[in-house]
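Read through the structure below, which is laid out as structure tokens, and then see the notes.
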Amino acid sequence: QVQLVESGGGLVQPGGSLRLSCAASGLIFSFYTMGWYRQRPGKERELVASIITADSTNYADSVKGRFTISRDNAKNTVYLQMNSLKPEDTALYYCNTQPSRATFWGQGTQVTVSS
């Protein structure tokens, strides 16, 4: 079965950086558009970035210019480099295909931006 395992979250001060990783198994990774999603406290889960190839990426307006999504198909891994973090980026971050598939959700990785 498909397994997506997120890692790299943590506590960071405003203005700091984190790099999230998502290791995928059980699917032909290179066939899929991959996305990073987040669920902020009291909010619906939202798509923040997606990638088909390095030359084909999309970002939510709230993260554009600060976050960078990338993938390594040889490692079945998708990354999210997050710079200039703000308190409003505090959320549980997940990866999934884009569009998402209900049975693919993992546990997520918590990112907390606070001084």
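Nothing in this text is a laboratory measurement; each read-out follows from the coordinates by a stated rule. Just so you know, these numbers come straight off a predicted model, no measurement behind them. All Cβ positions, glycine included, derive from the backbone under ideal geometry; neighbour counts span all protein chains shown.
With a cut-off of 10 Å between beta carbons, the residues surrounding L92 carry a summed charge of +2, where Lys and Arg count +1 and Asp and Glu -1.
Mind jotting down the distance between the C-alpha centroids of the range 8-57 and the range 59-89, whole Å? When both Cα centres are located, 6 Å separates them.
Let me make sure I get this right: for the range 47-112, a, b and c are the square roots of the gyration tensor eigenvalues over alpha carbons, sorted descending. Under 1.5 in a/c it's rounded, otherwise prolate if a/b > b/c, else oblate. Which is it?
Details: a/c = 1.66, a/b = 1.17, b/c = 1.42.
Oblate, because a/c is 1.5 or more while a/b does not exceed b/c.
Rounded to the nearest 20, the size of the Cβ-charge dipole of the range 1-52 about its Cα centre is 120 debye, with Lys and Arg at +1 and Asp and Glu at -1.
If the reach is capped at under 22 angstrom between alpha carbons, list the lysines near K86, excluding any in the same chain fewer than eight residues apart. Partners found: K43, K64.
Under a Cβ-only charge scheme (Lys and Arg +1, Asp and Glu -1), can you give me the dipole magnitude of the chain about the Cα centre, in debye to the nearest 20? The partial results should precede the final answer.
Numbers: 11 positive and 8 negative charges, 14 e Å.
Charge dipole of the chain: 60 debye, to the nearest 20.
In terms of the mean number of neighbouring beta-carbon atoms within 10 Å, the peptides 95-101, 40-46, 11-17, 82-88 order highest first as 95-101, 82-88, 11-17, 40-46.
For the charge dipole of the range 1-49, defined by +1 on Lys and Arg C-beta atoms and -1 on Asp and Glu C-beta atoms about the Cα centroid, which residue among I28, G15, V2 has the Cα displaced farthest towards the positive pole? The residue sitting farthest along the positive end of the dipole is G15. Prolate is the label for the chain, because the ratio a/c of its alpha-carbon gyration tensor axes (a ≥ b ≥ c) is 1.5 or higher and a/b is greater than b/c. With θ taken as phi - 60° and the Karplus curve 6.51 cos²θ - 1.76 cosθ + 1.60 applied, the whole-hertz 3J(HN,Hα) list for the range 54-60 is 4, 9, 9, 10, 9, 9, 5 Hz, x standing for glycine and proline.
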